Number of protein chains: 2
Amino acid sequence: MFNHHLDFSVYHARVRSYDQYCSIARGLDIIGDRWTLLIVRELLLQGPCRFTDLKNGLPGVATNMLSSRLKELEQTGLITRYDAPPPVATVLYELTRDGADLEPVLKQIGLWGLRRMTDDRADDAFQASWLAYAPAWFTADANPDGPPATIQLIAGGQEAVIALEGGSVRTWVGHVDHPDLVIDGSPRAVLGLVTGMIDLKAAKALGSTIRGKHQLLQRLHPIPATPEVE
Amino acid sequence: MFNHHLDFSVYHARVRSYDQYCSIARGLDIIGDRWTLLIVRELLLQGPCRFTDLKNGLPGVATNMLSSRLKELEQTGLITRYDAPPPVATVLYELTRDGADLEPVLKQIGLWGLRRMTDDRADDAFQASWLAYAPAWFTADANPDGPPATIQLIAGGQEAVIALEGGSVRTWVGHVDHPDLVIDGSPRAVLGLVTGMIDLKAAKALGSTIRGKHQLLQRLHPIPATPEVE
DNA sequence: CCGGATCCCCAGGGATACTG
DNA sequence: CAGTATCCCTGGGGATCCGG
């Protein structure tokens, strides 16, 4: 092998900057590129991921785009890349503290974006983890002292669970036995119902099936549309 | 993928979409393009603006870019465009409610971006309004019952005022007579000092001049780096 | 199969000139 | 002042290829 005295081991991306001494502009210098925040979303929702996990969680992304973004994210200190021990024995990507600190940013974008979810687009991809984060991030238990309860969500074949307990709204992907309430319908209907964008009547009109303790929906209280930072 | 409404009477941009039924992705479909959020920043900080006001507030933007973004923003309902009456007698751009609701998004991005403000870049643009929003958005009065006070900030020739009164931290661009405290220095030093990123000693080491009631700085309490949405 | 790298092509973005 | 028009370049999308 020839040694060209060139160091190819350190990736150096050309970073396009707004060149403004403003924390918003500097933030956008780092996270403003296409796909970047969605990669952070996946790592926040899924935890450490393999390349393929990210690819599957980001329908529509090109592999070269994902690859180059991961390098940039590593270079800017938002993720770390490490070799997982057996039995995984592959490369894992994980958020650093700086990267995980973007959660409030994603929450606010997602909260703002909720109002644009009112139409179904046939070719939109949909995943259970996206169904799960909405009630966890955008609702609170209106009756924190109420009894523990679970709600099974089924939307477009994707399943997620909402658990009300101790005043918190927790969610995860998957199935629960003996839920107190089952909501089955289109992504729009199920998401709309649990985030308070539509009511029970409208959800049923959209073809949803709701079985169990309907009044549990009253406990899912949407958080204000424009909360203060503090 | 692309929306191909062919309508010749109304401007219709081809909106690139992530095609994911996820409120974060849908939000980014609208606000994720380059310059979009910085235009919203200017309209939030300055109020209704003329084209030239925006151009001046967005150093580095190309006029065609600004023009096309304004059309997109109008089309997506984030701004309105209207003819101002005399004596202005020109077109003004103003945020709609939907557009103004992006303030929490900008706050979180700016709060996250603060940590990347630690280096001065010689060719970065700087404006007084960017100096002003930081203490207003990212600090609180640690002594809400304390006496009213004003702080004059001077950074890179740009002037802004901080007013502590009634528990609130208000700021504006410009000059105040008889401030209780005057901070004069580089953008990095002044911003770092008022947002709690650096201390008085470090600010002085960076060449800052601080005159007046130094203890007023104790009242500027940085808000937590990762506050909950609620 | 996993984890990318490479190539091609087009659209989005940037700089500047120009016009009502 | 308020944008258009033009040119050019780079970033991003899509498919394919390749070593482990």
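Read-outs: derived from the displayed coordinates by stated rules, not from any lab. No experiment lies behind these values; they were computed from the predicted model shown. As a convention, Cβ positions derive from the backbone with ideal geometry for all residues, glycine included, and neighbour counts pool all protein chains shown.
From the P(r) of chain A, could you give the percentage of C-alpha pairs in the tail past 21 Å? Counting every Cα pair in chain A, those more than 21 Å apart make up 62 percent. In terms of packing, defined here as the mean over residues of other Cβ atoms within 10 angstrom, the peptides B:213-220, B:38-45 line up highest first as B:38-45, B:213-220. The mean count of C-beta atoms from other chains within 10 Å of the C-beta of residues in A:29-40, rounded to a whole number, is 4. With its label point put 7 Å out from Cα toward Cβ, B:Leu200 sits 6.2 nm from the same residue's point in the other copies, in order from shortest. Dipole magnitude for chain A: computed about the Cα centre from +1 point charges on Lys and Arg Cβ and -1 point charges on Asp and Glu Cβ, it is near 460 debye. Against the main long axis of the alpha-carbon atoms of chain A, helix A:36-46 sits at an angle near 60°. The angle separating the long axis of helix A:128-138 from the principal Cα axis of greatest extent in chain A is about 70 degrees. Quick check on the protein assembly as shown: helices-only [θ] at 222 nm, where DSSP H runs of length 4 and up contribute -39,500 (n - 2.57) each and the sum goes over total residues. Nearest 500, please. Calculated at 222 nm, the ellipticity per residue is -10000 deg cm²/dmol.
Descending by average beta-carbon neighbour count within 10 Å, the peptides B:201-212, A:188-199, B:20-31 line up as B:20-31, A:188-199, B:201-212, the highest first. Residue by residue along B:117-128, Cβ atoms of other protein chains within 10 Å of the local Cβ number 3 on average. Take B:Ser67, push a point 7 Å out from Cα through the beta-carbon direction, and compare it with the same point in every other copy: 3.9 nm, smallest first. Close amide-amide hydrogen proximity is noted between B:Glu159 and B:Gly174, each under 5 Å apart and 5 or more residues distant or on a separate chain (H modeled in the peptide plane; Pro and chain starts excluded). For the protein assembly as shown, the tally of Lys pairs with Cα-Cα distances below 30 Å comes to 19, considering only residues 8 or more apart or on different chains.
Per-residue shielding of B:97-106, expressed as the average number of other chain Cβ atoms within 10 Å of the residue Cβ, stands at 5.
Label points for A:Ala142 are taken 7 Å from Cα along Cα→Cβ. From this copy to the others they lie 4.0 nm apart, shortest first.
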